[in-house]
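Everything on this sheet refers to the single structure shown next.
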Amino acid sequence: MNIQEHEMVDVTARLQALGLSLPAPTRIPAGVHIPFDLVRVRGRRVMISGHPKSHADGRIAGPFGQLGTDLTTKDGYDASREIALAVLANVQAEIGNLSRVSGWARVFGMVNSAPGFTDQHLVINGFSDLVLEVFGPDIGGHARSAIGVAGLPMNFAIEIEAELELSEG
């Protein structure tokens, strides 16, 4: 099935049906300089920089610390779902209508991991599961990596980046 044959998904209606709402677009804390875009559109490609989760008002909400020490796998899974909502909020702010998304290409999850913690894949499943619930398998299906790291900026516990494609027009 090519991109033109994909049935458009009414993302706003789907989020409502799932009882989910998007936070405001991410607000970068005062004094923090980021020399890049959180979401960068080039033609039909959308590159999404690493995101933590956000509070409803767009303030960065972490989570902070290490999985396996400060947070459980379940905490991480839940946070990854919320990171997906923050990503969607920022993509929507950039492209207008999330129903323009014609395909998720890849997701890359980084998990601040205590020594011996090996459930990174289960943590990032929260993000992947939400994308699939909202967009369905044809549009939401994606390639993915989940890795453990010794630390992340601002002591984030999880940071997730992605790439997706927009429909023409």
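The values are calculated or read from the model by the stated rules, or taken from the named source; none is laboratory data. Note that the coordinates shown come from a computational prediction; the quantities given were computed from them, not determined experimentally. Neighbour counts run over all protein chains shown; Cβ positions are idealised from the backbone, glycine included. Just so you know, the surface numbers come from the protein's heavy atoms only, side chains and all, with ligands and any DNA or RNA stripped out. Shrake-Rupley method; radii C 1.70, N 1.55, O 1.52, S 1.80 Å.
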Can you list residue pairs whose Cβ atoms sit under 6 Å apart, with the first residue in the stretch 90-106 being farther than 12 Å from residue 135 by Cβ and the second being assigned to a helix (DSSP H, G or I)? Count only pairs 6 or more apart in sequence or on different chains.
92/98
For the stretch 74-105, which residues satisfy the criterion of being of a type in the set (Phe, Trp, Tyr) and not in a strand (DSSP E or B)?
77
Selected residue [aliphatic (A, V, I, L, M) and under 16 Å from residue 162 (Cβ atoms)] from 67, 18, 22, 71:
22
Say whether the condition of being in contact with a Phe, Trp or Tyr (Cβ under 9 Å, 6 or more places away or on another chain), buried (at least 22 other Cβ atoms within 10 Å of the Cβ), closer than 20 Å to residue 162 by Cβ and of a type outside the set (Gly, Ala, Ser) is met by at least one residue in the stretch 88-99.
no
Do any residues in the stretch 56-80 that are within 17 Å of residue 90 (Cα to Cα) and touching a residue at least 12 places away in the same chain (Cβ under 8 Å) have Cβ atoms under 6 Å from those of residues that are buried (at least 18 other Cβ atoms within 10 Å of the Cβ) and of a type in the set (S, T, N, Q), where the two are at least six apart or on different chains, and which pairs are they?
58/26; 61/54
Of all residues in the stretch 54-87 being within 13 Å of residue 112 (Cβ to Cβ) and among the acidic types (Asp, Glu), which is least open to solvent (accessible area, probe 1.4 Å)?
75
Report whether or not residue 136 is more than 23 Å from residue 44 (Cβ to Cβ) and either in contact with a helix residue (DSSP H, G or I) (Cβ under 6 Å, 6 or more places away or on another chain) or exposed (fewer than 15 other Cβ atoms within 10 Å of the Cβ) (or both).
no
Give me the pairs, please: first residue somewhere in the stretch 12-27 and in a strand (DSSP E or B), second residue anywhere and open to solvent by 80 Å² or more (accessible area, probe 1.4 Å) and at pLDDT 95 or above, beta-carbon distance under 6 Å, and either six or more positions apart or on two chains.
27/59
Criterion first (within 21 Å of residue 18 (Cβ to Cβ) and open to solvent by less than 60 Å² (accessible area, probe 1.4 Å)) does residue 152 satisfy it?
no
By my count, strands (runs of 3 or more DSSP E) wholly in the stretch 30-73 with at least 3 residues that are under 15 Å from residue 84 (Cβ atoms) and in contact with a strand residue (DSSP E or B) (Cβ under 9 Å, 6 or more places away or on another chain) are 45-51
